[in-house]
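The numbers here are math on the coordinates, done by the rules we state, and not lab data. Every value quoted in this text rests on a predicted model; they were computed, and no experiment measured them. We place every Cβ from the backbone using ideal geometry, glycine too, and count neighbours over all the protein chains shown.
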Amino acid sequence: MPLRVYNTLSRQKEDFQTVEPGKVSMYLCGPTVYKPAHIGHMVGPVIFDTIKRYLTYSGYKVTWVVNITDVDDKLINRANERKMTVEALAQEMTQDYFDNLKTMAVAIGADGIDHTPYATQHIQEMQDIIATLIEKGFAYPLSGDVYFNCTKDEDYGKLSGRSLTDMLAGTRIETHGGKQHPADFALWKGSKPGEPAWPSPWGPGRPGWHIECSAMAKKILGDSIDIHGGGLDLMFPHHENELAQSESCTGKPFARYWMHNGLMQASGAPGKVGGGHDKHGDKPADLTAVKEAQEANKLAGSKGAASVKELFAKHDPETIRFFLLATHYRSPIDFSDERIAETGKSLEGFYRLFETYERAAGQSFYTLKPATIRGNNPALSEEGDALVTELSTLRQRYLDSMDDDFNTGGAVGVLFDLRKTLNAFIGDHKLDTAAADKSKLPALTAGMTLLKELASILGVFREAKAKAASADDGLLDGLMQLVIQIRADARKNKNFAVADLIRNKLNELKVTLEDRTDQTLWRRG
RNA sequence: GGCUCCGUAGCCAAGUGGCUAAGGCAACGGAUUGCAAAUCCGUCAUCGUCGGUUCGACUCCGACCGGAGCCUCCA
């Protein structure tokens, strides 16, 4: 089955064909760095990181760009509030963003985001595009600003499915004095005193919001890119305008596939995590009230939108990543601590399996070296155990899911099936006991290696978790072994009252004991 | 008002014009265990409502109900 990708432009899944065979250029709209990232900001990067991993696994050479918007009204206002420069604020928040990406297993570099261009470092490229647009008649200067002329762009609105007449009918667009059409948007904004400004042929000013992406995508990836991504909220006006100005400038298709991820929603609180939410539409007369309500909501802050760093204090980042990938990327995700905790529970079985495997095989799951390229997996093509056949089937199901518009939710389901299969195999052959049928170990390792392969594509189970108690010098485990020994003696003497007392008291201390046939294991939680 | 999208079991969630509608969490029954834990096996849905198209629809079309997003420089 060929890879198929849902394209917002056509509103359907299309066979994936790149501009250049074997290569994929990918541009994801990054954050405006004016405040700490919240969970919603992680959705796009995690999904596109997974997409890059899968495309790479499928044999493509992928170049991925995520831009940093480091000049904008919100930055200016925020910097003023905090009495710091826009540069300093941007630097601080960019670092926060990068730190969070790293924690979420999204790398900066060849294994992840290849380029992170900054808007302020591409002013010249933006001005070049603006100049070209003016020259071609797609844009016009107006008292220090420059506007894109939407009516000159024949297919304006094709991405979001809007027409200029619809937009007029909506009357939601405030007409700025002098603009030729209400939908015309700023390419260049003349600066007010005290604002960041760059010299330009149209006077000192700063770029409009959309132009930076056009400029940076063009510079780094070329006139036509393969995939352009971002949150669903960016489809209009941001991506629509970006597309319009880019194609008007170059005369070439800007992006083959537009991919939009669904937004994170705080559970119980309608609306997206990051901002206010208001219903409107029925009462256009109530504009003022609506606006006031919006402001109030903005001040109230982001309900349910703890910063990512606060979230990491409560939940394992791997759990959060898994949580994000368990749902299809185009669906909205309902976010709550309960949901993530539930995901955490569902992952425990994997960690147990890894421990079991280590006991059985004498090597860590994390040291297994899985195939990194799709193709026939030699370990699975050998005639052998019935397990091997089953593994091949599961692997194919996984690939079919991912080929279908990166259906990570379906792929996650296969991971759980694989877990069950391997646990059953271990049980059938008593592989975690002294009575193990050692001849079955290679088949088990093949299965575990496959699990590693499939999980790696999702960016999970790649590395062992850092030991929580790094300060512990082994005392804790020593004490536990002592307690376990004492309890084992009690059990041997059928003194179950003592044995159960020990176990119950340990439970109260959040320590779980597991009596296996030949030993007793303990773990926290 | 305009433009999109969604509605699958107690909860989360994948998927399909026709064989048994993935998987997870929870619950229940069983195997295992001294009892537990962990693991395995099993039980648990006719797919918002009403029409239409079709030999046949949960899957296509329409209406309605319910929910979400955008039209406001939020990823």
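Apply the Kirkwood formula to segment A:395-436: the hydrodynamic radius equals the inverse of the mean of 1/r over all pairs of different alpha-carbon atoms; give it in Å with one decimal. Don't jump to the answer; show the numbers that get you there.
Working: mean 1/r = 0.0877 Å⁻¹.
Evaluated on segment A:395-436, it is 11.4 Å.
So which aspartates and glutamates can residue A:13 reach, going by Cα to Cα under 18 Å and dropping same-chain residues fewer than 8 places off? Counting by Cα, and skipping residues close in sequence, residue A:13 has these aspartates and glutamates nearby: A:226, A:400, A:403, A:404, A:405.
Classify segment A:434-525 as rounded, prolate or oblate, taking a ≥ b ≥ c as the square roots of the eigenvalues of its Cα gyration tensor: rounded when a/c is under 1.5, otherwise prolate if a/b is larger than b/c and oblate if not. Here segment A:434-525 falls in the oblate category. When the C-alpha to C-alpha distance is required to be over 23 Å, the pairs from A:102/A:452; A:102/A:314; A:23/A:219; A:52/A:309; A:345/A:510; A:102/A:465 that qualify are A:52/A:309.
As a length-normalised measure over Cα pairs under 8 Å and 6 or more apart, the relative contact order of chain A settles at 15 percent. Considering segment A:128-268 at the alpha-carbon level, its Rg and Dmax are found to be 15.6, 51 Å. Listed values for segment A:42-57 are Karplus-derived 3J(HN,Hα) couplings in whole Hz (6.51 cos²θ - 1.76 cosθ + 1.60, θ = phi - 60°), namely 8, 4, x, x, 5, 5, 6, 4, 5, 4, 5, 4, 5, 5, 4, 4, and x replaces Gly and Pro.
Please work out the Cα convex hull volume for segment A:6-79 and give it in Å³ per residue.
Measuring per residue, one finds 122 Å³ for the Cα hull of segment A:6-79.
3J(HN,Hα) couplings calculated from phi for segment A:21-34 with the Karplus curve 6.51 cos²θ - 1.76 cosθ + 1.60 (θ = phi - 60°) are, in sequence order, x, x, 10, 10, 10, 9, 10, 10, 5, x, x, 8, 8, 10 Hz; Gly and Pro show x.
Cα centroids of segment A:181-201 and segment A:230-247: how far apart, whole angstrom? Segment A:181-201 and segment A:230-247 have Cα centres spaced 19 Å from each other. Residues whose amide H comes within less than 5 Å of that of residue A:187, counting only those at least five positions distant or on another chain, are A:146, A:147, A:148 (H built at 1.01 Å from N in the peptide plane). When the helices of chain A are scored as -39500 (n - 2.57) per DSSP H run of n ≥ 4 and the total is divided over every residue, the value at 222 nm lands at -14500 deg cm²/dmol. Straight-line cross-link partners of residue A:136 among the lysines, defined as a Cα under 17 Å from its Cα and at least 8 positions apart when in the same chain: A:152, A:252. Against the empirical curve 2.2 N^0.38 Å, the C-alpha radius of gyration of chain A lands at a ratio of 1.16. Evaluating 6.51 cos²θ - 1.76 cosθ + 1.60 at θ = phi - 60° for every residue in segment A:311-320, the Karplus couplings come out as 5, 5, 5, 9, 10, 5, x, 5, 5, 5 Hz, glycine and proline recorded as x. The amide H of residue A:9, built 1.01 Å from its N in the peptide plane, has A:258 as neighbours under 5 Å, considering only residues 5 or more places off or on other chains. Taking amide H as placed 1.01 Å from N in the peptide plane, residue A:255 has its amide H under 5 Å from the amide H of A:225, each at least 5 places away in sequence or on another chain. Would you mind pulling out the separation of the Cα centroids of segment A:445-512 and segment A:81-105, in Å? If you average the Cα positions of each part, the centres end up 39 Å apart. Neighbour counting of Cβ atoms within 10 Å sorts the residues A:29, A:213, fewest neighbours leading, into A:29, A:213.
Label zone of residue A:400 (point 7 Å out along Cα→Cβ, amide N under 15 Å): in segment A:45-83 this covers no residue at all. Taking a straight Cα-Cα cut-off under 13 Å and skipping sequence neighbours fewer than 8 places away in the same chain, the aspartates and glutamates within cross-link reach of residue A:430 are A:518.
Quick one: compute the contact order of segment A:3-122, relative version, from alpha carbon pairs under 8 angstrom and 6+ residues apart, as a percent.
Once divided by the residue count of segment A:3-122, the mean separation gives 30 percent.
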